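Scroll down for the structure; my scribbles are underneath it.
The values are calculated or read from the model by the stated rules, or taken from the named source; none is laboratory data. Remember, predicted model here, so these are calculated numbers, not experimental data. Quick reminder, even Gly has a Cβ in these numbers, built from the backbone with ideal geometry, and neighbours come from all protein chains shown. What goes into the accessible areas is simple: the full protein's heavy atoms, side chains included, and nothing from ligands, DNA or RNA. Shrake-Rupley method; radii C 1.70, N 1.55, O 1.52, S 1.80 Å.
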Amino acid sequence: MSTINVPVIKRILVIIRRSNGDVLLASPLIQHLHEHYPEAVIDLLVNDDTLGVAKALQPIRQILVYSYRWKTLPKWERLQKTFGLMRVLLRRYDLAISLTATDSSVLYALLAARHAISTIEAEPRKNWWKKRLLTGYYLPDPARHTLLNNLEPLRLLGIPVGKIVPTVHHSASSKAAVLAKLQAATIGQFIIFHPSAQYGYKVYPEALRHALLQQLSGLGIPIVVTGAQTALDLQIKATLPVLANVYDWIGATSLDEYIALSNLSLAYVGGDTLNMHIAAAQNKRVFAIFGPTLLGVWSPWSNALQCNATHSQPQQIYGNITVFQADMPCVPCGKKGCDDQQGNSECLQRIEPSKIFAEVNTWWQQEQV
């Protein structure tokens, strides 16, 4: 497909109706659009459960939200919500870009702007009408990093891709609040340990994470354990061991405050979840524990090396990032647990805490030289 020519671009809508990680990893696209069209305003359309992450992206004028809860409403209320969003979008933009291939997301893009670009599915029965109606489209590479796939609209627009650096922002008030909490707890330098994730099949097993925490506690530096107030996080909080140098901050910060906390930290130790991508974006030392997740698609992005991990191995280091995986032929499988039903992931049970601690300890000793 040839380069798309849009004569005047003053208003841009970017649609990202997927997970928190997808929203965060759209930040380089937004930055490049802003740099190429400095006079244009950029709005976002996201699902309401990713609104917190969307607020951490810049420069954004307005964030519009869609809620899956609308589907549970009575028919008339559901229609009111849907048509209300459609009225807000109707031809308000010069360019709409959808990073989500669902029918509804593509329809919102087509409704919002005369020129619409979207990712599409590979199956012809799903994409034939999208190819006909969209100004531009692209097929994402299933083996390519999400961040790089998200930059494909730039190629269609003829915009050169410079340095790729995901960015997240936090408010000054959140930084002040976090600094006050750290001071009250007499915490100076510290490491973040994030044991949770959005789904249980990504969580490092309880016995292993407790053993790892026991070892991390012996480093002599505060270990701040973080998490939200979800049922999974609170379950982890209820079983958290009481250890010297370990501080339980699960449920104690908003997302904005967490981003500030992460920015003040020295390192991140934890699973492959949003918090890992936040730490990588902030150039922190990252020790990431990966289970069944596809590494080439979701591994932390190294700003310094401008790359991510592409091949699986039990342990690898690139730039400021160390990734741990199980030494199993099925890793990574890309499933939602071994049963693909969000059950347990055996591969996470095969990652020894001592190996993770050894790498963290080596880094920490070098930091103190």
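Some observations on this one:
- The separation of segment 112-147 from segment 298-369, counted between C-alpha centres, amounts to 32 Å.
- Once the Cα gyration tensor of segment 293-369 is diagonalised, semi-axes √(5λ) in Å: 25, 17, 9
- Relative contact order %, the chain, counting alpha carbon pairs below 8 Å whose residues are six or more apart: 14
- Whole-percent P(r), segment 232-359, all Cα pairs, 5 Å bins from 0: 2, 10, 18, 21, 21, 17, 10, 2.
- Mean projected area of the convex hull spanned by the Cα atoms of segment 32-73, taken over all viewing directions: 3.3 nm².
- Here the Gaussian network model covers the chain, with springs between Cα atoms less than 10 Å apart; of S217, S118, S171, S171 fluctuates the most.
- Rounded D (µm²/s) - segment 74-125, Kirkwood Rh over Cα pairs, Stokes-Einstein at 4 °C, 1.567 mPa s: 110
- Mean separation of Cα contacts under 8 Å, 6 or more apart, over the residue count of segment 239-369: relative contact order %: 17
- The chain - mean residue ellipticity at 222 nm from DSSP helices (-39,500 (n - 2.57) per run, n ≥ 4, rounded to 500): -10500 deg cm²/dmol
- Working ranking of peptides 8-19, 205-216, 124-135 by packing, defined as the average number of other Cβ atoms within 10 Å per residue, highest first, is 8-19, 205-216, 124-135.
- Neighbourhood charge, 12 Å Cβ-Cβ cut-off, centred on T273 and excluding it, Lys, Arg +1 and Asp, Glu -1: -1
- Here segment 248-293 is treated as a sphere whose radius is the Kirkwood value from Cα pairs; by Stokes-Einstein at 20 °C and 1.002 mPa s it diffuses with a coefficient of 195 µm²/s.
- Here K202 is the anchor, and the lysines within straight C-alpha reach of less than 27 Å, apart from those fewer than 8 places off in the same chain, are K55, K237, K284, K335, K336, K355.
- Antiparallel DSSP beta bridges within the chain, as percent of all bridges there, nearest 5: 10
- Intensity falloff of the chain expressed as log10 I(q)/I(0), Debye formula with alpha-carbon point scatterers, at q = 0.14 Å⁻¹: -1.22
- Length added when fully stretched, V165-Q341, from 0.36 nm per residue minus Cα-Cα: 60.0 nm
- Net charge dipole, segment 299-361: roughly 100 debye, given to the nearest 20, about the Cα centre with Cβ charges of +1 for Lys and Arg and -1 for Asp and Glu.
- Amide H to amide H distances under 5 Å link L13 with D43, L95, A96, I97, where only residues 5 or more positions off or on other chains count and H is placed in the peptide plane.
- Each Cα pair of segment 131-223 feeds into the Kirkwood radius, which the Stokes-Einstein equation turns, at 25 °C and 0.890 mPa s, into a diffusion coefficient of 133 µm²/s.
- Euclidean distance between Cα centres, segment 4-36 to segment 38-104, Å: 13
- In a reduced charge model with +1 at each Lys and Arg Cβ and -1 at each Asp and Glu Cβ, the chain shows a dipole moment near 1360 debye about its Cα centre.
- Overall, the accessible surface of segment 241-369 at a probe of 1.4 angstrom is composed of carbon and sulfur to the extent of 47 percent.
- Accessible area per residue for segment 180-247 is 45 Å², calculated with a 1.4 Å probe on protein heavy atoms, without ligands, DNA or RNA.
- Working from Cα pairs under 8 Å separated by at least six residues, relative contact order for segment 65-137 is 23 percent.
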